[in-house]
Amino acid sequence: MAYEVYIDDMLLPLPPEKIPIKYSGQNKTATLINGEEINMIRPPGLAEISLDVVIPQMDYPFAVWDGSFENAEDFLERLKELKEDGTTFEFIVIRDGPGNNSFFDTNMDVTLENYKVSDDAKEGLDLIVSLSLKEYKSYGTKIMNFVIVEEQTVPVAPEPELVRQGTPPAAKTYTVTKGDCLWAIAKKQLGNGSRWQEIFNLNKDKISNPNVIYPGQVLTMP
């Protein structure tokens with residue numbers, strides 16, 4: 001099975017060998033007066049992700065660079081910004097099976113808890129970065145304002161003009177720019193990077209490999 005891993009909008013050139021995602025529980029055990037032990041059910045905890053990422057510093061033919069970052073130094077600078085800014089970002093895993101069959105995807109908002117940079121002689125010049133990510137869920141007090149409005153007569157909107165029969169609506173298109181990938185285009189144009197497969201399916205006459213697109217290509221959009 002092949003897969004792609006995104007940290008924020010950065011496609012890792014070499015996917016990690018393992019992607020452990022830990023879903024912790026918060027249940028609490030209590031002992032009653034009679035000595036009986038019970039389990040108090042609580043909502044599940046936040047998911048925790050640990051990754052060992054290899055950033056190649058040599059030109060490997062199997063490494064995939066989509067232009068989202070240039071090299072190891074650029075990757076470390078982006079990680080530093082994510083850590084110092086304390087902003088949330090997306091962690092995405094796209095899984096493809098044999099015959100380009102799309103399996104389930106992982107897409108969650110996370111924070112960068114910590115990261116460690118290692119130089120390992122076994123890896124040659126390549127850089128190893130260990131990442132610890134934690135799932136993020138938005139929270140806050142919801143304020144609802146109610147306004148009492150006296151009953152009013154609602155004007156009837158005029159009926160829209162009928163579309164001339166036989167004239168199909170104009171197709172929506174997007175022109176590829178430098179640094180684009182299908183996932184980034186889907187996120188920017190459709191609001192969800194996981195919809196990249198829809199773009200690929202509509203443009204199989206132009207795209208033979210979903211990982212390879214070129215600036216200037218005009219893609220048909222969903």
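Considering only residues that are at pLDDT 85 or above and either loosely packed, with under 11 Cβ neighbours inside 10 Å or not assigned by the TED database to the domain that holds Ala47 (or both), which ones fall in the stretch 93-131?
Result: Asn114, Lys116, Ser118.
State which residue pairs qualify: first residue within 30 Å of Val110 (Cα to Cα) and inside the stretch 138-158, second residue at pLDDT 75 or above and not in a loop (DSSP other than H, G, I, E, B) in any location, beta carbons under 9 Å apart, and separation of 6 or more residues or different chains.
Partner pairs satisfying both residue conditions: Ser138/Asp109.
List the strands (runs of 3 or more DSSP E) inside the stretch 1-114, counting only whole elements, that have at least 2 residues being under 17 Å from the mean Cα position of the chain (by Cα).
2-7, 47-55, 89-96
Checking the condition at pLDDT 85 or above, over 18 Å from Trp183 (Cβ atoms) and among the aromatic types (Phe, Trp, Tyr), which residue from Tyr23, Tyr6 passes?
Tyr23
Give the stretch 56-70 a look and list any residue that's closer than 24 Å to Ile185 by Cα and either loosely packed, with under 13 Cβ neighbours inside 10 Å or touching a Pro at 6+ places or on another chain (Cβ under 8 Å) (or both), or say none.
Answer for the stretch 56-70, where residues must be closer than 24 Å to Ile185 by Cα and either loosely packed, with under 13 Cβ neighbours inside 10 Å or touching a Pro at 6+ places or on another chain (Cβ under 8 Å) (or both): Phe62, Ala63, Val64, Trp65, Glu70.
Report, by residue number, each residue of the stretch 10-40 that is among the aliphatic types (A, V, I, L, M), open to solvent by 70 Å² or more (accessible area, probe 1.4 Å) and closer than 30 Å to Leu133 by Cβ.
Met40
The values are calculated or read from the model by the stated rules, or taken from the named source; none is laboratory data. This structure is a prediction, so every number in the text was calculated from the model and none was measured. FYI the Cβ positions are ideal-geometry reconstructions off the backbone, even for glycines, and counts take in every protein chain you see. What goes into the accessible areas is simple: the full protein's heavy atoms, side chains included, and nothing from ligands, DNA or RNA. Shrake-Rupley method; radii C 1.70, N 1.55, O 1.52, S 1.80 Å.
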